[in-house]
Structure formats: structure tokens, C-alpha cells
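To keep things clear, I will list the structure first and then write my remarks on it.
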Amino acid sequence: MRTILLSLMALSVLVGCGRPSPLAPGTPAEGTPIVVRGPASPTPSLLPALEEAIRRGDWAAARAAYEAAGAPPLPAERLNAWMEQALREIIQAQRKGQLERADRIRADALALVGRGCRCLDPQGGLHPDAAPAGLRVEWVLALSLAGRPGGAALGGTEPLPEWGRKWIAARFGRAPSAIPPLVDAQICSIADHLFLVVGFYILQLDGPFQGEAPGLSALPERERDPERYYVLCEADRIQWVNAMSGGRGTALEAEWDGKGFRSMGVERANPAADTYQEVRRHVEAGELEEALRAYEEGAFTHRVDEDPELATEALRQGLAVAQRRAEAGDAAGAARALHAALTLASIPYELEGPTFLPQDWAIRPRSLEEWAREAFYGPSLDPALYREALAHYARYLAQSGRAREAEPILRGLIVLSPDYAPAYLDLGDALWDLGKREEAREFYRRYLARRPGEEPPPRVRERLGP
């Protein structure tokens, strides 16, 4: 249970409530479906070409071949099979982080289905009464929802399509008001089966099961508003989490037993506290990338964001880890550690990405000491520690072949801390790597002026010449 709770609001949730993509040119006018009056009868040579393109996973080629053949109506059984394959490919692509590929598959497959069934309007809205006999409406709805990770619950911006909301309500014998527009909807891959979960309602896409979340009756009536819940999917279970009260909430969990879902009970949860403790544990262990992952995948991270002492500890640990990695010859790993540390510190330290410089530094230049005194958390910020972490981050970026990213960081740091000599040396090195040799020499001279009597690194003397 705790593992699932810690995944609340994960940006890695498989599928959220995306709007259907517009269909290909040539579809009828908005809101006007084409009704199939007889059985679909594609040309004899069309299906093999389509099947081959889809078998390869080349949905763009399948769509092009279909349009070139005159876009005839297609049999419902083939459309059903293609939708299932498309959805499985979308889920696989999303798991690999290939979100653009997932979006392309979805757009091409939905356009192909829309033209083939003659039952979608140009906005992707299905008219179930116009669908050919045998078309699996739940597959059309699932495909239309498969575009984006994340849910629409708790005031999300992607409401469930109106036609889908009414269809789900009718399927379960409920009034349309039982499915609010902003209810969360997910496609869950569980035990190699696919389930469409809309609020508290579950439809197995590749099998006969359909039902309501088990154990729902254990919740008080006031806690059964589906708009208040996120739907989370695990390998063998579904969880509905109500987290409307600043990170404290209710978790309803159901496990798949091969034939249906059985209730695992109700748990009162505090995911905000769980996220904070996990992030702190990783930070104190010097596991900066793991801490950042816990932060990004956790729920209600405001407790992390509001703790400047944790942010400062992240910077200290980031510097220590980065130094060890750099001494071992891993400049890229050192940069990753400090990137994670600076990301965790970005809200308490009021930093802007991707440079991690203080917000509005260019509009209102001031010293880091002034910035720290004026910052929201005031005395909790350590300007010297922050300067060192940022300078080392830029240095390791440059050393790992990312001098272009390091350059604006170092230029900003010089404005904010003009007496900090290492920034001039590091900027000179970054500019040298970028081929800006004359400007690099100027910053080397400024570095030497701030370190009178100190022997500079050999490369500086060599590059400045006699």
C-alpha cells in the first residue's frame, strides 16, 4: 500500500485524460457523423496493405495507404483489433518515455478508425448510434484518452469527452451526472490485461469484466465524489486516492484475482509526509538522483518545497558527491548530482531553471548576499554554499562537453558575485571550448587580476601566451 501511495500524482502514470486529436482532412463538417447503412466492404487489395503496415507498427504508412485507396468503410472486427494493438503500442512507448511516438500512434490510429467507422466527428467525438455493428465503443474511448500522462482530477484541464461520459454512465445504468466532466480516467495494464477506469467504474478492454470499485460502500457518502480521486495503476491492482486535504487523504485499493477485483480495504493516508520522508532519507544518504526521483514521483511535495534546511542539506550533499565523482573522472556524474541538488533547492532558494540562477537576477542585479537576505526564507539561505554549488555545477557541465549550457550560468554568477574569482576561470575555460578564444583570454586576465601573486593553472599561461 505504501509503495502505491508514494506514486501518487506520478508524472509516470500510464495514460491520462487527453482530448482526441482532430481527424485527417476530408472528414465531414463539424458535429456531422457519417452513418454506415450497410456492411463495410473495403477493396480486396486494401486490407493486406493495411495489415502489413500495422503489423510493422507503422501507423502513418497505414493511414497513408488507406487514404490513397479512397478511404472506404472498414469492418468493425478489424477496427477493434487495430485499436487494441495501437493502445498496447502506445502504452509500451509511454513506458519507454517515447511520448512523441505514443502521440503519433494515437493520432494516426484514431484518424484511421474515425474514417473507417464513419462515426466520429472532426473533433474525435464518437456518435455511438452511428457506429457500425460490433464496433467496441470502449476501445474508441480508451484510444481517445491515451494521449497524455497524468489525470484530470482535482481541477485538471482535460475533461472527459462528453460522449464518453454519457456512454460510460449508460453502460453502468447511471445518470450522466454520476460521471462528472473532470473525473480521472486511466488505462491500466494489469496482469497483461487492459482496463479502462473512469472514476469508480472499471471496464476490461480485452475481456468480459466490468464493475464498480469494490469496497466503495465502506466509504462515507461524503467521500464518494469521484472528482476528488486520482486513479493509480500498479502491476496487479488499482488504487483510488482522495487527497484533497493538503496531502492527507483516503486510499481505496482493489487487487485483480484473475477474474475480477477484490477489495484490499480503505487506508487513511498522508502522502505529503511520506514523500517528504523519502526525499529527506535519500538526501541524507547522499543519494541525490534518487531524492529527486522521489520528489518528482511523490505526492504533495509542498513539504519539501517549504523546507530551506532540507534544500541546504541537498546542496551540501550534492557538492560532496560531485567531488567524489569528479575525482574518479566522472564529470558528467558530478554534474548530475549537482543538478539534482539544485533542482531540490530551486523552490526554497527561489531559483529559475535551467540555469538555477536567482529569479529576476537580470532585471534587478544585486549581490548574492542581498538576494539571500531578501529571499522568502531569509536567513535560512546560505549564499556562499549556493555560489559554490552553482559554480561547480557549471564547471562539471563544461568538463563533460556541455560548455554551451555552462556559459550563461557563469555569466550570471559573475554579475551576482563579481569578486568570486573561480567563476572567471571557469567561464574562460567554457568560452575556450566554444571557440571564443579572445573573450576567453579576457576572462583569464580578469581571473588573474583577482588572484594576484598566485600561480594560475598551466593552461591559463599557455593560452594567454607570452
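The values are calculated or read from the model by the stated rules, or taken from the named source; none is laboratory data. Just so you know, these numbers come straight off a predicted model, no measurement behind them. Neighbour counts run over all protein chains shown; Cβ positions are idealised from the backbone, glycine included. In case anyone asks, the SASA skips ligands and DNA or RNA and just uses the protein heavy atoms, side chains included. Shrake-Rupley method; radii C 1.70, N 1.55, O 1.52, S 1.80 Å.
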(request) Filter segment 249-286 down to residues that are part of a strand (DSSP E or B) and aromatic (F, W, Y) and give me whichever is nearest to A320 (Cα to Cα). (result) W256
(message) Let me confirm something: among E454, E370, which residue is out of contact with any Gly (no Cβ under 7 Å at 6 or more places or on another chain), farther than 19 Å from H339 by Cβ, among the acidic types (D, E) and in a helix (DSSP H, G or I)?
(response) E370
(message) Pull out all pairs, ordered by first then second residue, where Cβ-Cβ is under 9 Å, the residues are six or more apart or on different chains, the first lies in segment 445-466 and is of a type outside the set (S, T, N, Q), and the second is part of a loop (DSSP other than H, G, I, E, B) and open to solvent by 90 Å² or more (accessible area, probe 1.4 Å).
(response) R450/D419; R461/E455
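When you go through S346, S263 one by one, which is the residue that is of a type in the set (S, T, Y) and within 15 Å of Y393 (Cα to Cα)?
Numbers: S263 fails: within 15 Å of Y393 (Cα to Cα).
Just one listed residue meets the conditions, S346.
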(message) I'm trying to understand the selection: among the residues of segment 252-269, which are over 19 Å from Q204 (Cβ atoms) and open to solvent by 30 Å² or more (accessible area, probe 1.4 Å)?
(response) V266, E267, R268
(message) Go through segment 401-424 and report how many residues are in a helix (DSSP H, G or I), open to solvent by 10 Å² or more (accessible area, probe 1.4 Å) and without any contact (Cβ under 8 Å) to a residue 24 or more places away in the chain.
(response) 2
(message) When you check A272 against the structure, is it closer than 21 Å to L194 by Cβ, surrounded by 17 or more Cβ atoms within 10 Å (Cβ to Cβ) and of a type in the set (G, A, S), yes or no?
(response) no
(message) Which residue is least open to solvent (accessible area, probe 1.4 Å), if the candidates are limited to segment 425-440 and must be among the charged types (D, E, K, R) and either within 21 Å of R366 (Cα to Cα) or in contact with a Leu (Cβ under 6 Å, 6 or more places away or on another chain) (or both)?
(response) D426
(request) Working only within segment 206-223, note down all residues that are in a loop (DSSP other than H, G, I, E, B) and either surrounded by 16 or more Cβ atoms within 10 Å (Cβ to Cβ) or over 29 Å from the mean Cα position of the chain (by Cα) (or both). (result) G207, P208, F209, A213, P214, G215, L219, P220
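May I ask you to verify whether A394 is among the small types (G, A, S), farther than 30 Å from G435 by Cβ and in a helix (DSSP H, G or I)?
Judged against the criteria, A394 is not a match.
Matching residues to (1) more than 20 Å from L141 (Cβ to Cβ); (2) under 32 Å from the mean Cα position of the chain (by Cα); (3) of a type in the set (S, T, N, Q):
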residue: L50; (1), (2), (3): yes, no, no
residue: A64; (1), (2), (3): yes, yes, no
residue: L99; (1), (2), (3): yes, yes, no
residue: A109; (1), (2), (3): no, yes, no
(message) without any contact (Cβ under 8 Å) to a residue 60 or more places away in the chain, open to solvent by 50 Å² or more (accessible area, probe 1.4 Å) and among the aliphatic types (A, V, I, L, M): which single residue out of A375, A362 fits that description?
(response) A362
(request) Could you grab me the full set of residues in segment 86-108 that are of a type outside the set (D, E), open to solvent by 60 Å² or more (accessible area, probe 1.4 Å) and within 25 Å of A131 (Cα to Cα)? (result) R88, R104
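Among the residues of segment 128-144 satisfying the criterion of being more than 31 Å from the chain's Cα centre (by Cα) and farther than 16 Å from A71 by Cα, which is modelled with the lowest pLDDT? Working first, answer last.
At the first step, the residues of segment 128-144 found to be more than 31 Å from the chain's Cα centre (by Cα) are 128-135.
Checking the rest, the ones that are also farther than 16 Å from A71 by Cα come to 128-131, 133-135.
On the way: P128: 71, D129: 75, A130: 80, A131: 83, A133: 89, G134: 91, L135: 92.
My answer is P128.
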(request) Mind counting the residues in segment 277-286 that are open to solvent by less than 50 Å² (accessible area, probe 1.4 Å) and either closer than 15 Å to T312 by Cα or modelled with pLDDT under 95 (or both)? (result) 4
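With respect to R325, is the statement that it is touching a residue at least 40 places away in the same chain (Cβ under 8 Å) and of a type in the set (K, R) true? Walk me through how you get there before you give the answer.
Numbers: touching a residue at least 40 places away in the same chain (Cβ under 8 Å): no; of a type in the set (K, R): yes.
No: the conditions fail for R325.
Check whether at least one residue in segment 399-409 is in contact with a helix residue (DSSP H, G or I) (Cβ under 7 Å, 6 or more places away or on another chain), modelled with pLDDT of 95 or more and basic (K, R), and report yes or no. Working first, answer last.
Residues of segment 399-409 in contact with a helix residue (DSSP H, G or I) (Cβ under 7 Å, 6 or more places away or on another chain): 399-400, 403, 405-407, 409.
Still in the running and modelled with pLDDT of 95 or more: 399-400, 403, 405-407, 409.
Within this subset, residues satisfying the condition of being basic (K, R) are none.
For segment 399-409, residues in contact with a helix residue (DSSP H, G or I) (Cβ under 7 Å, 6 or more places away or on another chain), modelled with pLDDT of 95 or more and basic (K, R): absent.
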(request) Filter segment 287-329 for residues that are more than 22 Å from N270 (Cα to Cα), part of a loop (DSSP other than H, G, I, E, B) and open to solvent by less than 60 Å² (accessible area, probe 1.4 Å) and give the result. (result) none
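Which of the residues belonging to segment 269-289 are farther than 16 Å from A345 by Cβ, of a type in the set (D, E, K, R) and without any contact (Cβ under 8 Å) to a residue 12 or more places away in the chain? Walk me through it before giving the result.
Here is the first cut: in segment 269-289, the ones farther than 16 Å from A345 by Cβ are 269-275, 277-278, 281, 285.
Pick out the ones that are also of a type in the set (D, E, K, R) and you get 274, 278, 281.
If the condition is that a residue be farther than 16 Å from A345 by Cβ, of a type in the set (D, E, K, R) and without any contact (Cβ under 8 Å) to a residue 12 or more places away in the chain, then R281 is the only one that fits.
Considering only residues of segment 172-186 that are crowded, with 16+ Cβ neighbours inside 10 Å and closer than 21 Å to D121 by Cβ, which is farthest from the chain's Cα centre (by Cα)?
Just the residues of segment 172-186 that are crowded, with 16+ Cβ neighbours inside 10 Å, to begin with: 172, 178-180, 182-186.
Filter once more, keeping what is closer than 21 Å to D121 by Cβ: 179, 185.
On the way: I179: 25, A185: 16 Å.
Here the residue is I179.
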